[in-house]
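Below is one structure, written out as structure tokens; comments come after it.
The values are calculated or read from the model by the stated rules, or taken from the named source; none is laboratory data. If you're wondering where the values come from, they're calculated on a predicted model, not measured in any experiment. Positions of Cβ are generated from backbone atoms using ideal geometry, with glycine treated the same way; all protein chains shown enter the neighbour counts. Calculation scope for accessible area: heavy atoms of the full protein, side chains included, ligands and nucleic acids excluded. Shrake-Rupley method; radii C 1.70, N 1.55, O 1.52, S 1.80 Å.
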Amino acid sequence: MELAALAELNASAQAVMRQARAQVLAKMGTKMTVAEKTGRKDLVTNVDRSNEHFLVQQIRRLDPAAQILAEEGLGDEVKSMAGHVWIVDPIDGTMNFVHQRNHFAIMMAFYIDGEPTLGYIYDVMGDKLYAGGPAVGVTLNAEPLAAPLDVSLADGLFGASAPLLIHDRFNMQQVVSTSLGPRIVGSAGIQISQVLAGELVGYLSYLRPWDFAAGRVLGESLGLVISQVDGTPVNMLSSGAVLIATKSAQRAILAIVK
């Protein structure tokens, strides 16, 4: 895709994200229906579904031939990353959304033939929209975002997954003790955005494609490293333990994990 067309798509996608945020905020004051998916800690609401419906509709308008992989299943059955593929998470951190009305994000990502092209993470309550990609640059609320410093694990705070930390999966307790301390939010989008902003040196959790697709685009554009916990490349169509970190922190974490 030519740069001019990509820049226009980027601007249009950011407008869609702002509309999605406005709709979510409006619905937060109305009666919410909450259901369990796989259990009481895996929730979905009518707002998740309505926001996904809106985002899928808007993507169809912007990019009619694209495939859409969406968390709540309102997109397509995507089996290949060939061509244009959008990956959507309408509400990331639904448990937070339901119980705290805070610390949740809307995420969307665009890939061309498997290559990370555009990504969007919207911290809804913080009103922070991280947007862009390798060709158009990364912005925070339309202002250029500088790449975070390459801080080591020992010199930074680390975004930890509570289940991985509690059960010491992948030597998470040693990773955390090596860092300056853990920070646990309960939203991949929020914690990945904190890595983008240089507030954390890394984040490790068990993630699905819609949890990390946007973070991969934005993170790699800013010089961060995104991989599976063993250092191998992520698979955009499958789940796994995914790490996003500074290069220095990644080296230390992989040494501990291995």
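Legend: residues D127, D92, D150, sorted from most to least accessible area (1.4 Å probe; ligands, DNA and RNA excluded), read D150, D127, D92.
Projected label points at L3 and D155, each 7 Å from Cα along the beta carbon direction, are separated by 3.3 nanometres.
Separation of the alpha carbons by more than 31 angstrom is noted, of K37/K247; K41/K128; K27/K247; K37/K79; K128/K258, for K37/K247; K27/K247; K128/K258. For M125, the residues whose modelled amide H falls within less than 5 Å of its own, excluding neighbours fewer than 5 places apart on the same chain, are H103, F104.
At 0.36 nm per residue, and after removing the present C-alpha to C-alpha distance, how many nm does the segment from K41 to Q174 gain when stretched out fully?
45.3 nm
The chain: Rg/Rh from Cα coordinates, Kirkwood Rh? Result for the chain is an Rg/Rh of 0.95. Split the accessible area of segment 1-61 by element, probe 1.4 Å, and carbon with sulfur accounts for 52%. The 1.4 Å probe gives accessible areas that order M236, M95, M1, largest first, as M1, M95, M236. Fully extending the segment from I166 to A65 would add 32.0 nm, taking 0.36 nm per residue of separation and subtracting the current Cα-Cα distance.
For segment 1-108, GluC sites (Glu not before Pro) meeting the loop criterion (DSSP other than H, G, I, E, B) and having at most 10 other Cβ atoms within 10 Å: E2, E77. In this rough spin-label picture, where each label sits 7 Å from Cα along the Cβ direction, the N141-R18 distance is 1.2 nm.
The dipole here belongs to segment 14-91: it is taken about the Cα centre, uses +1 on the Cβ of Lys and Arg and -1 on the Cβ of Asp and Glu, and is about 320 debye. A Cβ-based charge dipole, computed about the Cα centre of the chain with Lys and Arg at +1 and Asp and Glu at -1, lands at about 600 debye. A straight line joining the Cα centroids of segment 1-67 and segment 169-244 runs 22 Å. Would you please give the FRET efficiency between H53 and A11, computed as 1/(1 + (r/R0)^6) with r the Cβ-Cβ distance and R0 = 22 Å, to the nearest 0.05? Working from the Cβ atoms, E equals 0.45. Counting other C-beta atoms within 10 Å, and keeping those with at most 10, which DSSP coil trypsin sites (Lys or Arg not before Pro) do you find in segment 78-130? Qualifying residues, ordered by number: K79.
Close amide H contacts of L69 (hydrogens built in the peptide plane, cut-off under 5 Å, sequence separation of 5 or more or a different chain): D76, W86, I87, V88. Size descriptors for segment 1-103, from the alpha-carbon set: Rg then Dmax equal 15.0, 46 Å.
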